[in-house]
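Worksheet: one structure, shown below.
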Amino acid sequence: MVSWRSLRHRPYFRSALYSIIALACFTFVFSWNKLRAREWMPFPSEVVDETPEVWDVSPAVWEERAEQVKEAFQFAYHAYERHAMPHDELRPVTGGYVDNFNGWGVSMVDGLDTMLLMGLKAEYSRALPEVQKLEFQLAEDKVVPYFETIIRYLGGLLSTYALTKDEVLLQRADELAEKLDPVFSTPSGLPLFGVNPSTGKLEGPEVGILAEVASLQLEYATLAKMTGKQKWQDRVNSVVRVLSQAKVQHTGGMLPIGLNVTDGQPADTHLSAGAQADSAHEYLLKLYLLSGKTDKVNLEMYLRATTHLITNLLYLSPNRNLLYVTDSTHGTPTHVFEHLSCFLPGLLVLGAKTLPLDNLESLGIDLNELASDFGDAGKGYRLLSTYNLKDLHMWAAEGLAQTCYLSYADQPTGLGPDEMQFWTPRSEGFPWMDIVESWRKSGSRGSPPGVGVKSPVRLTRQQRLKGDFKPRDYSLRKTTYLLRPETLESLYLMWRFTGDVRWRVYGWRIFDAIERNAKTQYGYASVRHVEHVATTKLDELPSYFFAETLKYAYLMFRNDDPIPLDQWVLNTEAHPLPIHWTREGNNV
Ligand SMILES: *[C@@H]1O[C@H](CO)[C@@H](O)[C@H](O)[C@H]1NC(C)=O
């Protein structure tokens, strides 16, 4: 008789036993994963209500909040004047300065129109003589970064000129454009990365970055109107022509990040709404608006970009149904969500409220025809043409704005991280439009997927230490808050266009978090870690804090509207440019 004991020691039995154990383990893990995947399938119409609270504060309270933003501007700007002017930026921790944008006083020029909107006449009259002195010179071994210089300096000078008609501003704007003009000496007419304005020496790779080669049109179209010089409009026209002729069949109608400045054609398939792309998409819609809604070429490019983006780059997180936008290469999404992308809900609401998206025929536009040669990518266009596009853009705007806000509200500091990595139990993630489709097919009950009020999720100390990110569906990829404006920008636009006070309250909470966590002896500083209250600060105060962050907060809390959005278009640095330019009108 063969006993169990003896069998156990026979080699063939042992290996058979190990195989069975291995098979069992494999089966268990496999089915457990399947089970988990099923458990984490999103349930689209589930909406959690945030604790009800009094949102309906009186106009006087909002006026008081606007006043606090103005005080924040004065506090930081006065420190800049004392310790850094005429250099570029203040070092808000040590009280030093840095020249990182040509050393021409970028914080001052970027902040001019905010001063005027806030009624800070003394600050403005101290700045004007400094603008008078600007010569736009640079040491021979350096180059001007063209894109940043246009959106900050040229944008700031033009909007301030529109508000004041102080001639010196337009003179400096025209001189600046002249000095930078050599960047356009490429075969395509797209600008190079940079130029030395003193020597004319050019610098930049043959493959330019989308945002950097395609975010000058608003500024130059305005400069052309104000100076009467056709030359500046020609710069706009050649960039628009190149973009509209770029072969975008393989990227579903969206412009990729790399553009070859020699032939003006796409040089990669990296699609993004965030870093290196953002403002190029933004300027498509805004050029249409700046043209008084006549420039159909840019409108069609905007519709292509947003259609592909909605069908391919929007995803829903598995547990909380947070809507997020990500980037992709060769069609593969990274599930990274950048703070920079939080301008997108604002852009979408701007489009949804100013375009006849539910009646494109009235403009002679058919979404299907826009994708005539896109092959497979045309499917997304056909799908979207079966929706009320205005509704769809609004849902995307609301869902994204909510996620951008929650990225702040989830953190102990109340400040949002620079980059999040969304977690997904399957690599393809949950494309938003797939889930919207199932929701529609099952009767469109409840809020659309990803839309609706959701509660913040605060991780416990334990969860944070363990790196357990599943309760909130994402981990932090970059933990800094760089005083960035994009979320406040979108909340401002959501508030202006929907009148829903929720967005304004979210904006207030963010400003309050900046006050509590970013204030220093000399102003406000970027924050190293949004999860650490009493966190260390970075010795940086970017000029866009004056141009954008505080401007959006201020405009959101004021009860009147000094910049009506049917009369002004904001450039990507929040500098308002007039739609109908007259030398006599446009004063605030
Ligand atoms: C850019 O385009 C030109 C003309 O088609 C081509 O010769 C060149 O190799 C391209 N450059 C890059 C870096 O792809």
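The values are calculated or read from the model by the stated rules, or taken from the named source; none is laboratory data. Owing to the predicted nature of the structure, the values given are computational and were not obtained by experimental measurement. As a convention, Cβ positions derive from the backbone with ideal geometry for all residues, glycine included, and neighbour counts pool all protein chains shown. Remember, those area values only see protein heavy atoms, side chains included, never the ligands or the DNA or RNA. Shrake-Rupley method; radii C 1.70, N 1.55, O 1.52, S 1.80 Å.
Residues in the range 235-261 that are within 16 Å of the ligand (Cβ to nearest atom), under 14 Å from N298 (Cβ atoms) and without any contact (Cβ under 8 Å) to a residue 24 or more places away in the chain: Q245, A246.
Residue pairs whose Cβ atoms lie under 7 Å apart, sitting 6 or more positions apart in sequence or on different chains, and linking a residue in the range 203-215 that is of a type outside the set (A, V, I, L, M) to a partner that is near the ligand (Cβ under 10 Å from one of its atoms) and open to solvent by 10 Å² or more (accessible area, probe 1.4 Å), are E206/N260; E206/T262. For S447, the conditions (1) modelled with pLDDT of 90 or more; (2) in a helix (DSSP H, G or I) are fulfilled apart from (2).
Of all the helices (runs of 4 or more DSSP H) wholly in the range 295-413, which have at least 3 residues that are more than 28 Å from S455 (Cα to Cα) and open to solvent by 20 Å² or more (accessible area, probe 1.4 Å)?
On the way: elements: 296-312, 344-354, 367-370, 378-384, 389-409.
Here the list reads 296-312, 378-384.
Would you check which residues across the range 204-234 are charged (D, E, K, R) and more than 16 Å from the ligand (Cβ to nearest atom) and list them? Answer for the range 204-234, where residues must be charged (D, E, K, R) and more than 16 Å from the ligand (Cβ to nearest atom): E219, K225, K229, K231, D234. Here E135 meets each of (1) over 26 Å from the mean Cα position of the chain (by Cα); (2) in a helix (DSSP H, G or I); (3) not β-branched (V, I, T) with one exception, condition (2). Out of the residues in the range 262-286 meeting the condition of being aliphatic (A, V, I, L, M) and buried (at least 23 other Cβ atoms within 10 Å of the Cβ), tell me which one is farthest from the ligand (Cβ to nearest atom). Ranking the qualifying residues of the range 262-286, first place goes to L285. Restricting attention to the range 104-124, the residues being outside any helix (DSSP H, G or I), within 26 Å of the chain's Cα centre (by Cα) and either modelled with pLDDT under 95 or surrounded by fewer than 24 Cβ atoms within 10 Å (Cβ to Cβ) (or both) number 0.
Taking T479 as the residue in question, decide whether it is in contact with a His (Cβ under 9 Å, 6 or more places away or on another chain), over 17 Å from Y324 (Cβ atoms) and open to solvent by 30 Å² or more (accessible area, probe 1.4 Å).
Details: in contact with a His (Cβ under 9 Å, 6 or more places away or on another chain): yes; over 17 Å from Y324 (Cβ atoms): yes; open to solvent by 30 Å² or more (accessible area, probe 1.4 Å): yes.
Considered against the rule, which asks whether it is in contact with a His (Cβ under 9 Å, 6 or more places away or on another chain), over 17 Å from Y324 (Cβ atoms) and open to solvent by 30 Å² or more (accessible area, probe 1.4 Å), T479 comes out as yes.
Entry remark, the range 561-577: residues being open to solvent by 10 Å² or more (accessible area, probe 1.4 Å) and in a loop (DSSP other than H, G, I, E, B) number 7 in total. For the range 212-238, what are the residues that are part of a helix (DSSP H, G or I), within 22 Å of the chain's Cα centre (by Cα) and closer than 12 Å to F184 by Cα? Within the range 212-238, just V213 meets the criteria. Of everything in the range 247-261 that is surrounded by 22 or more Cβ atoms within 10 Å (Cβ to Cβ) and of a type in the set (G, A, S), the residue that is nearest to Y220 (Cα to Cα) is G253.
Considering the range 155-197, the residues that are touching a Leu at 6+ places or on another chain (Cβ under 7 Å), aliphatic (A, V, I, L, M) and closer than 25 Å to N260 by Cα include one that is farthest from the ligand (Cβ to nearest atom), namely A177.
The numbered conditions (1) buried (at least 21 other Cβ atoms within 10 Å of the Cβ); (2) over 18 Å from the mean Cα position of the chain (by Cα); (3) over 12 Å from G416 (Cβ atoms) are all true for V530 except (3). Mind listing whichever residues of the range 150-203 are in a loop (DSSP other than H, G, I, E, B) and surrounded by fewer than 21 Cβ atoms within 10 Å (Cβ to Cβ)? Residues satisfying the conditions are K165, D166, S185, P187, G189, F193, N196, S198, T199, G200, K201.
Within the range 127-138, being surrounded by 15 or more Cβ atoms within 10 Å (Cβ to Cβ) and of a type in the set (D, E, K, R) holds for one residue alone: E130.
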